[in-house]
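Input: a single structure, listed below in structure tokens.
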Amino acid sequence: MSILKVTLNKKTTRKLDEGYPWVFKTEVDNKILATATPGQIAEFYDMTGERVLATGFVNPLSTIFGRVLASGKQAITSAWIIERLKASLQLRADFFTVPYYRLVHAESDGLPGLIIDRFDHVFVMQVNTAGMNHYQEKIVEVLLKHFGAKTVILKNDSPVRKKEGLEIITETRGEPISENELVTVQEGGCLFELDVIKGQKSGWFYDQRANRTFVSHLTKNKTVLDGFCYLGGFGIQAMQHGAKSVVFIDSSEEAIKLTQKNYALNKLDSTKAEFINEKVFQSLSAFQQPESNRKFEVVCLDPPAFIKAKLDIGSGLRGYEKLAKMAAPLVEKAGIMVFSSCSHHAHTEELMKHIYLGIKKAGREARLVKVSGADWDHPIHPVLKESEYLKCLIFQFID
């Protein structure tokens, strides 16, 4: 396949010179769009058509037409892609002593559209761009031969693949995994079993690792609520670090069953845990009723993204505000509320403002004591705000 020459306007030239890794379809001449093929390698030129700004993939089917792989002129080969993989592995080796981490984090690791999570010898891989899809089998081969993988799950089920003209499919390479087989992850001195095939995303959310560890050290001898608990990451680590009791809530029956299984797996006191399978908003409302009047010293809320697109920003921020308003009455005096958002459209300042407004509307007062994001294995692209998606805000109540 030939290399496509893409000449950019002055504004887009400046963006790429500053390191921005995307070129939008609206920034490209229609004649170029008509000749481009999904996944084709392209060289992006400045407005004079003489200087190569960057080399990357293009896809005329996608709103994001171009994705930068390297600055300037670069031969993109399988060997070049593998070198990027090796660099990603080295970064993780510098920070983690056990093989449980996100190995590749898309644009932030210079491999746009590629996500790989590692669970020891099981690797879960998502390929979300047509360009990276051309290298899928080579990447799998290298993971199996040189990266310690025995099984690679190609969990290509993200809706974004449709926008790239790719099919939705989940496949296994290497040693097979049965439909209901669980994989174990180690974190914070605890063990968690998860379903890499049917679970959310890759089956586990490594991005919250550091936040779960930090919060666990705040919970000794305290009552804890783990809302939107998924597999119990916050609550189980809290119990492991001496929490008095934990209430787990999730609307997914399968998630609650696995949370119970993980709680038992860690040999924790069954009399100190309560597992509730219902919507968190419903539980928060019930806990405030006079006959219940439940309160907790640490409340953890890790909801799914309320804002999936720019059009959802207003309603999503109001949703976070409502959640904070409903949770605030349940926090004991001088208690802690841990509030997370994985909506990249929700900027930290706006999220902070609406959570605090929700707390105020509940008649409470709190101070923000910590703001954090994703752990080391989720690096941030310096000029791509979308890569800085996770926000974890920790409030201490002062009334």
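Report, by residue number, each residue of segment 34-60 that is buried (at least 17 other Cβ atoms within 10 Å of the Cβ) and either assigned by TED's automatic domain parsing to the domain that holds residue 130 or part of a loop (DSSP other than H, G, I, E, B) (or both).
Hits for segment 34-60 are 36, 38, 39, 46, 59, 60.
Taking (1) touching a residue at least 12 places away in the same chain (Cβ under 8 Å); (2) of a type in the set (D, E, K, R); (3) assigned by TED's automatic domain parsing to the domain that holds residue 122 in turn, residue 11 satisfies each apart from (3). Residues in segment 384-399 that are among the aliphatic types (A, V, I, L, M) and surrounded by 14 or more Cβ atoms within 10 Å (Cβ to Cβ): 384, 390, 393, 394. Here is a check on your reading of the model: is residue 352 over 21 Å from the mean Cα position of the chain (by Cα) and either at negative phi or in contact (Cβ under 8 Å) with a residue 60 or more places away in the chain (or both)? So residue 352 fails the test. Just one of the listed residues (163, 150) is over 22 Å from residue 105 (Cβ atoms) and assigned by TED's automatic domain parsing to the domain that holds residue 116, namely 150. State whether the residues of segment 98-109 include one that is surrounded by fewer than 16 Cβ atoms within 10 Å (Cβ to Cβ) and either touching a strand residue (DSSP E or B) at 6+ places or on another chain (Cβ under 7 Å) or at pLDDT 95 or above (or both). Scanning segment 98-109 turns up at least one residue that is surrounded by fewer than 16 Cβ atoms within 10 Å (Cβ to Cβ) and either touching a strand residue (DSSP E or B) at 6+ places or on another chain (Cβ under 7 Å) or at pLDDT 95 or above (or both).
Within segment 172-204, the residues that satisfy the criterion of being in contact with a helix residue (DSSP H, G or I) (Cβ under 7 Å, 6 or more places away or on another chain), surrounded by fewer than 23 Cβ atoms within 10 Å (Cβ to Cβ) and either among the aromatic types (Phe, Trp, Tyr) or without any contact (Cβ under 8 Å) to a residue 60 or more places away in the chain (or both) are 173, 174, 188, 189. Looking at segment 79-184, the strands (runs of 3 or more DSSP E) lying wholly inside it that each contain 2 or more residues that are under 30 Å from residue 264 (Cα atoms) and under 20 Å from the mean Cα position of the chain (by Cα) sit at 100-105, 114-119, 122-127, 151-156.
The values are calculated or read from the model by the stated rules, or taken from the named source; none is laboratory data. All values derive from a computational prediction rather than experimental measurement. In this analysis, Cβ positions are derived from the backbone assuming ideal geometry, glycine residues included, and neighbour counts consider all displayed protein chains.
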